[in-house]
Amino acid sequence: MSKTAKIGLIGLGVMGENLALNIESRGYSIAVYNRTKEKLDIFLNGRAKGKDVIGCHDLKDFIATLEKPRKVILLVKAGDPVDQVVASIKPYLEKGDIIIDGGNSYFQDTRRREKALAAEGIYFIGSGVSGGEEGALHGPSLMPGGNKGAYEEIRSIWEAIAAKVEDGPCVTYLGPDGAGHYVKMVHNGIEYGDMQLIAEVYDVFKRGLGLSAEAIADIFSQWNKGILDSYLIEITANVLSARDLETGKPLVDLIVDKAGQKGTGKWTAEIALELGIPIPTIDAALTGRQLSALKEERIYAANKLNKVAVQPGAEDKQAVISALHDALYCSKICSYAQGMALIAAGSKTYNWNINLAETARIWKGGCIIRARLLEQIRKAFARDSKLANLLLDPEFSEFQKKADSNWRHAISFAISKKIPTPALSASLNYYDSYLSANLPQNLTQGQRDYFGAHTVEIVGKPELGFIHIDWQGLLQAQKGESEKAKAIIR
């Protein structure tokens with residue numbers, strides 16, 4: 001009998017290769033296939049040589065190599081390529097077989113694929129994989145969703161290859177159909193927000209305080225020993241410490257200030273709009289990247305319009321650094337609060353029953369947004385699974401109160417130096433708005449009713465329901481031009 005494999009993987013990009021080696025290192029034989037034969041052969045004769053990896057040059061042979069029920073991981077580009085690979089292997093699959101999409105697919109595509117394949121007796125799992133190439137090799141955070149029984153078939157493998165923290169492997173079943181890819185999408189949105197917040201603090205250090213890259217790296221290294229301890233703070237210090245071998249200059253100073261994006265951040269913003277969940281920190285991060293892409297326009301505008309130069313002053317640097325520390329932490333809390341609220345809304349809308357405490361737990365290791373903060377988030381949702389917003393948790397709210405003046409001082413300082421802080425400012429505005437019993441949208445509703453008869457509700461008169469006000473008649477009555485104003489219910 002020819003050799004068989006416990007699981008198979010299609011797509012030998014960097015993530016695919018590393019995940020395959022991770023699986024093999026945990027004691028599971030794995031079959032691999034790649035569209036281009038050359039890429040497959042290089043892997044087999046290189047990194048996979050001597051390992052329990054079976055290379056297949058034919059899809060039919062690849063599927064035949066797998067133990068039943070067959071389990072096939074796809075690590076291909078999101079979108080049409082996933083559908084194309086599914087279509088190419090489906091003729092060789094049987095009822096009960098399982099396809100696992102480990103890419104960054106849009107959750108609605110995952111829902112569609114899961115439903116269509118379920119009708120044919122084939123299971124489809126959408127599993128977010130976070131941690132980059134290092135995480136894929138040594139232990140990522142895994143976010144699977146789909147049929148619960150199908151997940152149980154791969155559970156031992158997923159738990160074996162996931163990152164490990166003190167309370168278990170960084171993987172949990174999140175819910176039916178697209179739940180896993182939805183959570184991964186929001187994870188990436190939070191990642192966008194986190195990166196933008198850190199970049200803004202770096203900018204204030206550099207332009208506002210005139211600090212060198214080396215000095216800023218030292219500050220971030222110190223911060224990483226406290227409540228801001230996280231993977232992104234750690235690598236920020238490393239990036240700022242690196243020097244160009246040719247010039248000796250900080251490498252970060254030689255990088256063009258134009259940031260790209262691959263789509264998951266945009267999807268997060270779009271679904272937030274659809275579900276009516278405010279995520280201003282994440283939105284600001286998207287806008288920040290879009291503005292960064294306008295490099296030529298920004299250079300022109302700076303030369304043409306920015307005539308008033310602001311130089312670093314003689315401010316109390318330690319006071320500003322302390323303020324920026326607290327502003328960053330408070331803003332990160334807001335970013336996570338927005339993301340968790342969006343996950344809760346998606347869970348309710350699509351009947352996924354996602355456990356938010358578990359979601360925070362599996363992000364504690366392996367993934368890009370892993371941070372000490374996540375244990376506090378886990379505890380918050382463990383204390384109250386129905387917590388509407390992290391800002392309402394006693395521990396978080398207490399810190400926000402203590403750091404309030406520092407938060408505002410940091411942003412005021414940046415404004416005084418003409419340094420944009422869209423995400424830090426959006427976070428503070430989100431906080432102030434959420435804590436405001438009254439907002440000015442009473443005026444907005446009045447405007448909408450005036451020009452479009454969109455109706456309003458009247459304070460203290462719920463029995464009236466939604467009414468349209470005869471604004472012209474009311475104004476005439478005030479001038480004595482009419483006997484009375486009428487409220488016309490529509």
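The values are calculated or read from the model by the stated rules, or taken from the named source; none is laboratory data. On a predicted model such as this, the values are computed, not experimentally measured, just so you know. Heads up, the Cβs are rebuilt from the backbone with ideal geometry, glycines too, and the neighbour counts pull from every protein chain shown. Keep in mind that these areas ignore ligands, DNA and RNA; they rest on the heavy atoms of the full protein, side chains included. Shrake-Rupley method; radii C 1.70, N 1.55, O 1.52, S 1.80 Å.
Of the peptides 29-38, 82-91, the order by per-residue mean of other Cβ atoms within 10 Å, starting with the highest, comes out as 29-38, 82-91. The range 314-377 and the range 20-97 have Cα centres lying 36 Å from one another. Rolling a 1.4 angstrom probe over the protein heavy atoms with all chains in place gives the range 70-187 an accessible area of 35 Å² per residue. Only beta bridges with both residues in the range 124-203 are counted; by DSSP, about 90 percent of them are antiparallel.
Spatially close Lys pairs in the range 343-427, defined by Cα atoms under 27 Å apart and a spacing of eight or more places or different chains, total 15. Of all beta bridges that DSSP places with both ends in the chain, some 40 percent have antiparallel geometry.
Stretching LYS379 away from THR287 to a fully extended chain increases their span by 29.9 nm, per 0.36 nm per residue minus the current alpha-carbon distance.
Once both labels are positioned 7 Å from their Cα atoms along Cα-to-Cβ, the gap between LYS60 and THR349 label points is 4.4 nm. Overall, the ratio between the Cα radius of gyration of the range 158-273 and 2.2 N^0.38 Å, rounded to two decimals, is 1.33. Between LYS418 and THR4, the distance separating the two model label sites (each 7 Å from Cα on the Cα→Cβ line) works out to 7.1 nm.
Diffusion of the range 16-87 by Stokes-Einstein, at 10 °C in a medium of 1.306 mPa s and with Rh set to the Kirkwood radius over alpha-carbon pairs, works out to 124 µm²/s. If you roll a 1.4 Å probe over the chain with all protein chains in place, what percent of the accessible area is carbon or sulfur? Exposed carbon and sulfur together represent 53 percent of the surface. In this rough spin-label picture, where each label sits 7 Å from Cα along the Cβ direction, the GLU246-ARG112 distance is 4.5 nm.
Taking a ≥ b ≥ c as the square roots of the eigenvalues of the Cα gyration tensor, the range 263-352 is oblate, since a/c reaches 1.5 or more and a/b is not larger than b/c. The range 400-465 and the range 178-240 have Cα centres spaced 26 Å apart. Which helices, counted as full DSSP H runs in the chain, have an axial Cα extent of no less than 20 Å and a Kyte-Doolittle average of -1.0 or above? What comes out of the filter, once short or polar helices are dropped, is 179-203, 317-350, 394-416. Rg then Dmax, both in Å and based on the Cα atoms of the chain: 26.6, 99.
Using every pair of distinct Cα positions in the range 212-316, the Kirkwood expression returns a hydrodynamic radius of 17.1 angstrom. Is any residue of the range 424-445 close enough, with backbone N under 15 Å, to a label point placed 7 angstrom from the Cα of SER405 along the Cα-Cβ axis, and if so, which? Hits in the range 424-445 for SER405 at 15 Å: none. Projected over every direction and averaged, the convex hull enclosing the alpha-carbon atoms of the range 23-155 yields 7.8 nm². Based on the convex hull around the alpha carbon atoms, the range 345-490 presents an average projected area of 15.0 nm². Restricting the calculation to Cα atoms, every distinct pair contributes to the Kirkwood radius of the range 273-414, found to be 17.7 Å.
When peptides 180-193, 387-400, 282-295 are ranked by their average number of other Cβ atoms within 10 Å per residue, the highest-first order is 180-193, 282-295, 387-400. When peptides 9-17, 231-239 are sorted by average Cβ neighbour count within 10 Å, with the highest value leading, the order is 9-17, 231-239.
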